[in-house]
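J.: Before I ask anything, let me first share the structure, which is written out below as structure tokens.
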Amino acid sequence: MRRPRTPTRRRVLALGTTAGLATPLLGTGPGAGARATPPAPGLSPAEPVPVAGVRDDGTLVLAGGETLALTAVRLPQAADLPRNRHGAGEAARVQAVRAEALTRIRAACRTAVARPWVPAVGRDRHGRLLAQVEVLPPSGAAPGGSNGRWLQADLIAAGLARVETMAGAAAGADRLLSLEARARRARRGLWADALYHPRHHDQTWPWIGTFQIVRGVVRDVALVRGRLYLNFGPDWRRDFTVMVERPRRTDLDPTRLRDLRAQLVQVRGWLFPTNGPMIALDHAAPLETRVWLD
């Protein structure tokens with residue numbers, strides 16, 4: 001592999017247009033039916049249905065027994081900490097923020113009706129419905145003909161969850177990432193705790209096996225046997241790397257990925273050890289090229 005050249009740090013770009021993102025309200029439109037305004041393009045409305053309960057994992061139990069998993073968000077959980085490398089105090093802090101998130105979900109859904117907005121991939125591997133959720137009053141229509149509350153945006157704006165997407169179910173990620181950046185800068189919720197701060201790329205080893213947000217300057221980009229690698233250090237055998245398995249089969253543009261050399265990026269995903277710490281990407285949403293520094 002060609003030896004990467006030394007990067008030059010460029011000025012960090014601020015996040016793009018944030019009009020309409022100051023509050024997690026949906027756009028104006030009818031309160032019920034398929035004509036309501038979706039939280040984001042690429043989502044299809046399902047019929048509003050009462051919420052029967054909220055499980056301890058944050059999934060909603062809908063009337064009739066259907067289980068709905070909130071797509072594009074990750075609530076705080078014990079797995080956020082490296083196994084056997086944390087103390088009881090850290091675990092208690094994670095659980096405290098998780099409890100606050102669950103309380104907020106239950107308060108929002110109490111006696112409420114949920115309108116699921118379903119992405120292209122509408123089921124997870126457990127068979128649960130995946131959706132962005134609009135919370136409506138029991139009547140199924142918000143007052144004054146407006147839309148209801150976007151539950152995921154509410155959680156992200158309060159700092160009670162991080163954005164976590166999957167291929168085929170990332171609709172709305174750009175708006176949620178903007179809200180997340182605002183919450184992080186304001187140190188709301190989990191962002192007040194250093195456990196959740198973005199990691200510098202050379203501080204990722206202790207966090208192997210956990211979901212992390214990582215920042216760094218791309219030192220080199222290499223295509224090796226159909227895989228594209230973003231290398232962040234001088235030694236790809238030990239330093240942090242982002243790997244795209246088959247870039248042309250994803251919504252990631254290989255040409256634009258090559259242009260990331262010497263640029264600051266932010267990436268999120270599960271850290272695993274392959275040579276050095278690595279995050280694998282199979283869609284574009286987890287890779288941010290316009291970073292709002294905290």
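What follows draws every value from the coordinates through simple rules; no lab data is involved. Predicted, not measured: the structure shown is a model, and the values here were computed from it. FYI the Cβ positions are ideal-geometry reconstructions off the backbone, even for glycines, and counts take in every protein chain you see.
J.: Find how much the distance from Gln95 to Asp253 grows on full extension, using 0.36 nm per residue of separation minus their present alpha carbon separation; answer in nm with one decimal.
T.: On the way: separation 158, 0.36 × 158 = 56.88 nm, distance 3.85 nm.
Separation in residues times 0.36 nm, less the Cα-Cα distance, equals 53.0 nm.
J.: Right, here's the next one. What is the spin-label model distance, in nm, from Val61 to Arg185 if the labels are put 7 Å beyond Cα along the C-beta direction?
T.: It works out to 4.1 nm between the two label points.
J.: Can I ask one more? Take the Cα pairs of the chain, get the Kirkwood Rh, then feed it into Stokes-Einstein at 10 °C and 1.306 mPa s and tell me D in µm²/s. Intermediate values should be presented prior to the final figure.
T.: Values: Rh = 20.1 Å.
Translational D for this selection: 79 µm²/s.
J.: How large is the helix-only mean residue ellipticity at 222 nm for the chain, computed as the sum of -39500 (n - 2.57) over DSSP H runs with n ≥ 4, divided by its residue count, in deg cm²/dmol to the nearest 500? Mind showing how you got there, number by number?
T.: Working: 4 runs with 47 residues, N = 294.
My calculation for the chain gives -5000 deg cm²/dmol from helical runs alone.
J.: Right, next: Under a 5 Å amide H to amide H cut-off, with H placed in plane at 1.01 Å, what residues pair with Ala52 once short-range neighbours are removed?
T.: Counting only residues 5 or more places away or on other chains, the set is Val61, Leu62, Ala63.
J.: Further question: As a footprinting exposure proxy, order Arg93, Arg258, Arg85 by other Cβ within 10 Å, with the fewest listed first.
T.: Details: Arg93 20, Arg258 16, Arg85 12.
Least to most surrounded, the residues fall as Arg85, Arg258, Arg93.
J.: Continuing with the same structure: Apply the Karplus parameterisation 6.51 cos²θ - 1.76 cosθ + 1.60, with θ equal to phi minus 60°, to every residue of the range 112-119 and state each ³J(HN,Hα) to the nearest whole Hz, in sequence, with x for glycine and proline.
T.: 3J(HN,Hα) across the range 112-119, in whole Hz: 9, 10, 9, 9, x, 10, 9, x.
J.: Of all DSSP beta bridges in the range 44-192, what percent run antiparallel (nearest 5)?
T.: Working: 19 of 22 bridges.
Among the beta bridges of the range 44-192, antiparallel pairing accounts for roughly 85 percent.
J.: Could you list His200, His86 so that the one with the fewest beta carbons within 10 Å of its beta carbon is first and the one with the most is last?
T.: Fewest-to-most Cβ neighbours within 10 Å comes out as His200, His86.
J.: On to the next question. Relative to the longest principal axis of the chain, what angle (0 to 90°, nearest 10) does the C-alpha long axis of helix 88-109 take?
T.: Around 40 degrees separate the two axes.
J.: Here's something else I'd like to know. What ranking, highest mean first, results for peptides 210-220, 238-248 when packing means the other Cβ atoms within 10 Å averaged over each residue?
T.: Descending packing order for the listed peptides: 210-220, 238-248.
J.: Summing Lys, Arg as +1 and Asp, Glu as -1, what charge do residues with Cβ under 12 Å from the Cβ of Trp117 carry, Trp117 excluded? Walk me through the numbers before you get to the answer.
T.: Working: positive: Arg115; negative: Glu47, Glu134.
Net charge around Trp117: -1.
J.: Shape call for the range 198-288 from the C-alpha gyration tensor, a ≥ b ≥ c root eigenvalues: rounded (a/c under 1.5), prolate (a/b greater than b/c) or oblate? Walk me through the numbers before you get to the answer.
T.: Numbers: a/c = 1.45, a/b = 1.36, b/c = 1.06.
Here the range 198-288 falls in the rounded category.
J.: Take the Cβ-Cβ distance between Thr103 and Arg83 as r, set R0 to 22 Å, and report the resulting FRET efficiency rounded to the nearest 0.05.
T.: Values: r = 27 Å, r/R0 = 1.23.
Computed FRET efficiency for Thr103 and Arg83: 0.25.
J.: In degrees between 0 and 90, to the nearest 10, how far off the longest principal axis of the chain does helix 173-185 point, with axes built from Cα atoms?
T.: The angle comes out near 80 degrees.
J.: I would also like to ask the following. Once you have a ≥ b ≥ c as the square roots of the Cα gyration tensor eigenvalues for the range 44-192, tell me rounded if a/c is under 1.5, and otherwise prolate or oblate according to whether a/b is larger than b/c. All intermediate terms of the calculation are to be shown ahead of the outcome.
T.: On the way: a/c = 1.63, a/b = 1.54, b/c = 1.06.
Since a/c reaches 1.5 and a/b is larger than b/c, the shape of the range 44-192 is classed as prolate.
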